[in-house]
Each structure stands twice: as structure tokens, then as C-alpha cells.
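As C-alpha cells, the structure follows; a few thoughts come after it.
Just so it is clear, none of the values below were taken in a lab; they were calculated from the coordinates. These numbers come from a predicted model, not from an experiment.
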Amino acid sequence: MAFGSYIMWLTICVFIYSQGQISRLTSDVLIFSFWGILLCNSLIYAIIRSGFNKRFKDPSLTLLQMVIATFWVMVIVYYADSVRSVVLLTYLVVFVFGLFKLNVWQFLFLSAFAVVNYSLVIFLLYKIDPALIKKNDILNIVILAMVLPWFSLVGGYITRLRNKISHALSTIEKIAIIDDLTQVFNRRQMYKILEHEKALVDRGINSFSICIFDLDHFKRVNDTFGHSTGDIVLKSVAQEAQKNLRNIDHIARYGGEEFILILTHSEKREAMECAERIRELTKQIVFNNMPEDFRITISVGVTEYQPSEVIQEAIDRADTALYRAKADGRDRVEYEPMSNA
């Protein structure tokens, strides 16, 4: 888009030149401007393609690009004697690029840069030939010095507003997918992840397993120590499980004290090993302000998703394995294969 704006700008200059409105502007200057603009854009493109731009706070290098554009505007303004005021209007095109990106101080810097550059142009023209200076040139400086700072305030406000909206959207998105208490994925996001994994497996790209675990005797914890303590226990167990999963795995709160692990690239052996690891780590969690012998155990049901089956069928199998683990004494891991029937 920036390069396209330069092309538009050069096209305008060529048109004005063809109409004889820029008598001092030679074809050599136009050619120099074209190659200069091309070189600047090529350098910016090379920086972005190389990834070097990621070292900066603004990877798009908006401020740098606007400074360069301002310079080239002033080069043409220097030669635009009779239409200097008209050509100067195109600087607003440069300013628009800063919307949503630059803060007030960056806008003010650009405003000062533009005013100083334009003043320098007028000073150089006066030194060369005072007759080149028009009455409205000084007026242009005054107007620029007043309008651009005001534009800066508006641009800065728009940038702040955009940042607030982006933050609000991020918060809303987080609320939509994260369980408020445990800070792991909620049930809605769990199903989205499962559908994504299902699509991969159904195309033969991947495999995944599901583990459902439940906190043993959790009602007793709530009845004995209160619901606030129960909340702490839920959050601690969920966070302990989450930090011991791979980056490609997911944990979600299924409901109440039940959680689901979605283990990518995992078949029966890997899933059982992961479930056993989480079970053992859960027993080692120490809770502050609780009796020394207070420990939480979990029961886990495991199954592997089979291609083309309905997601709920796999969840039901894992749930069956979970209830078998509870029936067989709790604090254990059980696996439920797909029925051959």
C-alpha cells in the first residue's frame, strides 16, 4: 500500500509537470525521485523480509516510513512554485498511515519534522531567489504548525481507542474460551479443539487420545473445608496438570470437578503414561493452611479417538473408563478401547 501511494504521488507530480505548473522541475529530478523512492521502498521491503524489523517495537516500521515519505514530499514541494500549497495537501496522505499505529508523541514528532522541513524549503528558496516566495508560503507554515499538532491529538486518540478496543476484544475472547476459576479451557473451547483434532485424524494426518479425570472425594473436601478451599483445590490440580503437559496438548474443565486432557500425537501407550504421570503429580501437591496429611487423588479414564467416529462416542468411552477406575478403588488409571461390536 505504501508503494502504491508513492506511485499515486509520482503520477500526480508527472501530471502537474505536464501541465507546466512546475517549471523548475526537470525530468532529471523526477527520475531521481522515482529511483530514490524505489530504493527506499526496496530497503524497507528487504528489512521486513529478512525479519530484522521484528527487533523493533513496531515491526511495520510505520514511523520510519512516514519520515521518508515526508522527505520526498518536501523534495517535490521545493520545485512546486505555483502549486506549492496544493502539493502540500498530499502530506495528509502520509499522516493517515500513522492512524492506529502511532501515539501522540510520535505524531507530534512528525508534525515538527514536517513544519521544520517546509520552513527549510522556504528558507532555501528565499536564499536562491526571493521572488520565488509567495505570500501564502508563510501562511502555509502557520497553518501547518496549527493543523498538524491538532491532527496529532486526533490520531493519538484514535490509536488509544484502537488499543482499548483490541484489549477489550482480547479480554472477551479469553472469557469466551477460558474457565474463570481454573484458568484452563472451558467446555465450549474443548469441543472446538476436539473437532479440530478429529478433522486431522479423519484425514489420516494425526492421532489423539482423550483422558477424563475426576477429583476423588471432592464433595468431602467442600463439606469439610468449605467451597472456597474446594475452589483452591480445583485450581491447583488444574494448573499442576497444565504445566506438566506438552505445548501441543490441552486441558479443559469438563464440568464440576471433572477435567479433560486432549493429547495430540498420542496413542494408548503415550496417553496412559501421561495419565499416570498426572495422577502421581496430583498426589504430591501440598496445600497451604491444610493438614499435613491432606492429599488429593484423581481417577482417570483414557481412550484413543478412532477415525470417523463421533466425538461424543470417544468421550463416553473415556467416561466409562473413569467410572471403572472409581469403582475399582479410585486413584487409578483405566483404559477403554473401542468396542468391536
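Figures for the structure shown
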| quantity | calculated |
| --- | --- |
| Selected from Leu102, Leu39, Leu169 as most flexible by GNM, with the chain as the system and alpha-carbon contacts under 10 Å | Leu39 |
| 23 Å tail of the calculated P(r), segment 26-127, as % of Cα pairs | 33 percent |
| For segment 226-341, the Rg and Dmax computed from alpha carbons only, in angstrom | 14.8, 51 |
| Span from the segment 145-209 Cα centroid across to the segment 211-271 one, whole angstrom | 24 Å |
| Relative contact order of segment 187-335, defined on C-alpha pairs under 8 angstrom at six or more residues apart (%) | 31 percent |
| Percent RCO, i.e. relative contact order, over the chain, from Cα pairs under 8 Å lying at least 6 residues apart | 13 percent |
| If the convex hull is drawn through the Cα atoms of the chain, its volume per residue in Å³ | 196 Å³ |
| Greater than 27 Å apart at Cα, pairs in Lys192/Lys268; Lys54/Lys101; Lys101/Lys192; Lys268/Lys326; Lys54/Lys164; Lys174/Lys198 | Lys101/Lys192 |
| Hydrodynamic radius by Kirkwood, which averages 1/r over all alpha carbon pairs of segment 166-290, in angstrom | 15.6 Å |
| Helix-only [θ]222 nm of the chain, DSSP H runs n ≥ 4, -39500 (n - 2.57) each, per residue, nearest 500 | -21000 deg cm²/dmol |
